[in-house]
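> The structure is given below, and queries will be raised subsequently.
Every read-out reported here was derived from the displayed coordinates using simple, explicitly stated rules and does not represent laboratory data. In this text, all values refer to a predicted model and were calculated from it rather than measured experimentally. Here Cβ is always computed from backbone atoms with ideal geometry, including for glycine, and neighbour counts include all displayed protein chains.
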Amino acid sequence: MARLATRNALGTAIAGPTATLIYDDWYPALRSDRLRSTKLETAMLLDLPLVLGRRRSSNGKDGRIFAMRDSCPHRGIPLSVGWFDGERVTCRYHGWEFEPCSGRCELIPSLTETDRLDATKIYASAYPCEERDGYAWVYLPGSGAGRKKELAELRPVPELAKFSDKYRTAHLTADLPCNVDHGIIGLMDPAHGPFVHQAWWWRSQASIREKTKRFEPIPEGFRMAAHAPSGNSAPYKLLGVYGEPVETTIDFQLPNRRYETIRCGSKWFTSLTTVTPVTASTCRIDVIAAWNVFYHVPLVTPVAKFFGAKFVRQDQVTMIQQAEGLRHNPSLMLIDDADKPAKWYFALKQARLDGSGKHPMDGPVELRWRS
């Protein structure tokens, strides 16, 4: 297994180039099935340490999930080293107790009857946290935004589209030793497939052909319009057994999401891939896929997970190798047309950061490349 960090001769990790981070949006912190009983879990998002858990409901069953900054507002000790009884998180240093969804302090054991301090006026940092598609999604506000807003005031929580009641799902994840910008432009890069993903079950250099795709602007992103999927990719060819035309649509939306939808009559496959900044110089890929194709075929889910994991691993290895070169701060370039989506991403990100909302696309455009 290749190491996920570039290290010097002493074995110390060397941070690569950093990226500016986008706040005021939802990011997947971890798989929500890890949040159970009175167990606390930790995660890092956008250089922010978090502690997560699942609050016990009144009937004793698992209830609402929560995310707090992993730091007691009293002396800064991580709350994750304390205790959680299903209702309150208790700091192990002085026993302060917090309601985890709001962050409100409910008890300070050291206070006496003569103290006038109202513990309930003190809040630990707590963030909106919602469960979707098997992930704990956390909304991270920008600096100075104050305590959490009502859910209705926030951007919608990302959710994968499903087109039938019965479907199967799979999750994949991989840590990347590069910043989120490099992770995202690698995710949307259409030209690396025949080189990074060489395999009998996907494609090879010999299968390279010229392609033309139509792209359309969407709010804070762009869409590769509905088209017949690549004929030189073996998995897509399997859908031919249904005898229906196959169409795929791919969307990219800020801050980090790639949605793919494949339709073949009543059969479908969808995926949501996110590249989430863990720190300013590292990120993580998470993939959730859902489908009803080959629904009754035995072992289809473990087989899909096996090949999907190999596919993601190929990207991971490439990013590990790229990180070795990036630590020397080389000059880089983007070319047309294969790198046009990367240029759009950087323009969209800048428009989000400066508040202009300006979209880099004036309308639909066709791009051509070989892959």
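> Can you tell me the order of 150-160, 174-184, 95-105, 261-271 when each peptide is scored by its average per-residue count of other Cβ atoms within 10 angstrom, highest first?
Answer by packing, highest mean first, reads 174-184, 95-105, 261-271, 150-160.
> Next question. Could you work out the Kirkwood radius for region 15-153, taking every pair of different alpha carbons, averaging 1/r and inverting it, reported in Å?
15.7 Å
> Order of Ser37, Ser281, Ser143, Ser125 from fewest to most other C-beta atoms within 10 Å?
Ser143, Ser37, Ser125, Ser281
> Give Lys211/Lys343; Lys166/Lys343; Lys213/Lys349; Lys166/Lys358 a once-over and call out the pairs whose C-alpha atoms are over 30 Å from each other.
Lys166/Lys343; Lys166/Lys358
> For region 15-153, how many pairs of lysine residues have a Cα-Cα distance under 25 Å, where the two are 8 or more positions apart or belong to different chains?
Taking the Cα cut-off of 25 Å, the pair count is 4.
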